[in-house]
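Engineer: Before anything else, here's the structure in question.
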């Protein structure tokens with residue numbers, strides 16, 4: 001079943017886990033989404049950065065802030081929380097004002113990092129789709145288990161684009177959810193915490209805009 005808007009305006013189609021779908025312009029989209037997610041949510045266009053109340057973090061689901069963080073980052077009571085130094089803005093806002101990025105505009109992960117995690121014992125599949133990077137890069141000849149971690153603080157050139165590598169990427173519970181042929185797997189976080197301090201990949205910001213194509217060489221400066 002697909003729920004459509006009254007007007008013929010083109011809008012993104014949202015498909016829920018049960019197979020039902022609705023256009024983003026559907027007049028009751030907020031009610032529909034809230035029901036599908038079992039949590040009150042609203043859908044918004046991108047608002048200007050000075051609309052701070054829009055971007056401000058809402059009331060937590062629990063009064064215990066540590067418990068809230070553990071739920072977000074999928075950490076057990078005996079596991080350390082991620083180092084959030086450099087993410088102070090996100091303790092106040094859901095995303096950097098003026099954007100709907102998780103934290104930074106660009107995320108990068110290497111095939112070598114995925115290979116490292118996939119070589120661990122167990123059934124977990126460290127499929128790139130779980131981590132949703134903007135760029136998946138290959139680092140041939142590197143013997144580092146997580147080569148991109150050494151790029152933090154440096155500049156990366158790829159295609160006609162220049163990026164500043166800002167920080168590592170602490171992973172959250174989203175990586176454990178199931179979709180398509182990937183099952184729900186809490187062991188994803190257990191293995192990340194045990195082997196890479198809960199991080200996988202890096203965050204970057206754009207220094208010079210341009211185009212990137214598959215196969216473009218990557219230069220770290």
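Coordinate-derived values only; no laboratory data. Since we're looking at a predicted model, the values are computed, not measured. Methodologically, a virtual Cβ is constructed for each residue, glycine included, from the backbone with ideal geometry; neighbour enumeration extends over all protein chains shown.
Engineer: For n ≥ 4 DSSP H runs only, could you compute -39500 (n - 2.57) per run for the chain, divide by its residues and tell me the 222 nm figure to the nearest 500? Don't jump to the answer; show the numbers that get you there.
Structural biologist: Details: 6 runs with 44 residues, N = 221.
Value at 222 nm, helices only: -5000 deg cm²/dmol.
Engineer: Say R0 is 22 Å: what FRET efficiency, to the nearest 0.05, do residue 142 and residue 209 get from their beta-carbon distance? Provide the component values of the computation, followed by the final result.
Structural biologist: Details: r = 28 Å, r/R0 = 1.26.
The pair residue 142/residue 209 has a calculated efficiency of 0.20.
Engineer: Treating the angle as unsigned and between 0 and 90°, give the value, to the nearest 10°, between the Cα long axis of helix 187-196 and the longest Cα principal axis of the chain.
Structural biologist: That works out to roughly 40 degrees.
Engineer: Here is a follow-up. Give me Rg over Rh for segment 31-87, both radii from the alpha carbons and Rh done the Kirkwood way, two decimal places. Working shown, then result.
Structural biologist: On the way: Rg = 14.8 Å, Rh = 14.2 Å.
So for segment 31-87, dividing Rg by the Kirkwood Rh gives 1.04.
Engineer: Would you work out the relative contact order for the chain, in percent, from Cα pairs under 8 angstrom that are 6 or more residues apart?
Structural biologist: 17
Engineer: For the chain, take the alpha-carbon Rg, divide it by the Kirkwood Rh, and send me Rg/Rh. Each step should come with its number before you reach the end.
Structural biologist: Details: Rg = 19.2 Å, Rh = 19.7 Å.
Using Cα coordinates only, the ratio equals 0.98.
Engineer: Calculate, for residue 81 and residue 121, the FRET efficiency according to 1/(1 + (r/R0)^6) with r their C-beta to C-beta distance and R0 35 Å; round to the nearest 0.05. Please report the intermediate quantities before stating the final value.
Structural biologist: Details: r = 26 Å, r/R0 = 0.73.
About 0.85, to the nearest 0.05.
Engineer: I need the semi-axes of the equivalent ellipsoid of segment 102-220: take the C-alpha gyration tensor, multiply each eigenvalue by 5, square-root it, list largest first in whole angstrom.
Structural biologist: Values: eigenvalues 124, 43, 36 Å².
Semi-axes (√(5λ), whole Å): 25, 15, 13.
Engineer: Assuming R0 = 25 Å, what is the FRET efficiency of residue 65 and residue 101, from their Cβ-Cβ distance, to the nearest 0.05?
Structural biologist: Numbers: r = 23 Å, r/R0 = 0.90.
Once the sixth-power term is evaluated, E becomes 0.65.
Engineer: How far is it, in nm, from the label point at residue 36 to the one at residue 197 when both lie 7 Å from their Cα along the line to the Cβ?
Structural biologist: 3.8
Engineer: Right, something else. Given the options 137, 209, 128, which has the most mean-square fluctuation in a GNM of the chain, springs set between C-alpha atoms less than 10 angstrom apart?
Structural biologist: In the Gaussian network model the winner is 209.
Engineer: Give me the one-decimal nm value for the distance between modelled label points at residue 177 and residue 13, 7 Å along each residue's Cα-to-Cβ direction.
Structural biologist: For the pair residue 177/residue 13, the computed spacing is 2.0 nm.
Engineer: Taking the simple approach of a point 7 Å from Cα along Cα-to-Cβ for both residue 53 and residue 134, what is their distance in nm?
Structural biologist: Once both label points are built, they end up 3.1 nm from each other.
Engineer: Can you say what percent of the DSSP beta bridges in the chain, counting only those with both residues inside, are antiparallel? Round to 5. Numbers along the way, then the final one.
Structural biologist: Numbers: 22 of 27 bridges.
Rounded to the nearest five, the antiparallel share is 80 percent.
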